[in-house]
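The values are calculated or read from the model by the stated rules, or taken from the named source; none is laboratory data. What you see is a predicted model; the values in this text were computed from it and never measured. For neighbour counting, all protein chains shown are included, and Cβ atoms are generated from backbone atoms with ideal geometry for every residue, glycine included. Please note that ligands, DNA and RNA were not included when accessible areas were found on the heavy atoms of the full protein model with its side chains. Shrake-Rupley method; radii C 1.70, N 1.55, O 1.52, S 1.80 Å.
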Amino acid sequence: AAVVKDRGVWGIAVDGRAWPTRFEMAWDPVIAASGSVAAKVEVDGAYTYAVDGRVWAERFDELFAPVFDPDGNKLLVRGVQGHEAVRQVVPLDQIR
């Protein structure tokens, strides 16, 4: 998995294939034990996660790099929304 850039637009590629969604910015992807791939990305001036090609609807003012649970089925979310610190564990099937 890698960050890719084409004509000023960022994306994520896994196994040589780019995800269809493009971003204002993308950070190094993280690979889970389950084989899922997640990356912090910037969309419309806010931060979120892209997981296995899906972009999470939640947006953050600040966001740390994604961290998977040992099984790779959940994601630890650490960030800031407005003036609130957010720390939660989200099942991957809720990332859409």
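The calculated Kirkwood hydrodynamic radius for the stretch 45-96 is 11.2 Å, given to one decimal from all distinct C-alpha pairs.
Relative to one another, the C-alpha centroids of the stretch 14-36 and the stretch 66-96 are positioned 16 Å apart. Here residue 88 and residue 33 are evaluated by their C-beta separation; at R0 = 22 Å the FRET efficiency comes out at 0.60.
The phi-based Karplus calculation (6.51 cos²θ - 1.76 cosθ + 1.60; θ = phi - 60°) puts the 3J(HN,Hα) values of the stretch 31-36 at 10, 8, 4, 6, x, 5 Hz, whole numbers, x for Gly and Pro. Extension gain, residue 25-residue 76: 0.36 nm per intervening residue step, less the Cα-Cα distance, totals 16.3 nm.
Accessible surface of the chain, 1.4 Å probe: 48 percent of it comes from carbon and sulfur atoms. The radius of gyration of the Cα set in the stretch 5-53, together with its Dmax, comes out at 10.5, 33 angstrom. How many percent of Cα pairs in the chain exceed 23 Å? Counting every Cα pair in the chain, those more than 23 Å apart make up 18 percent.
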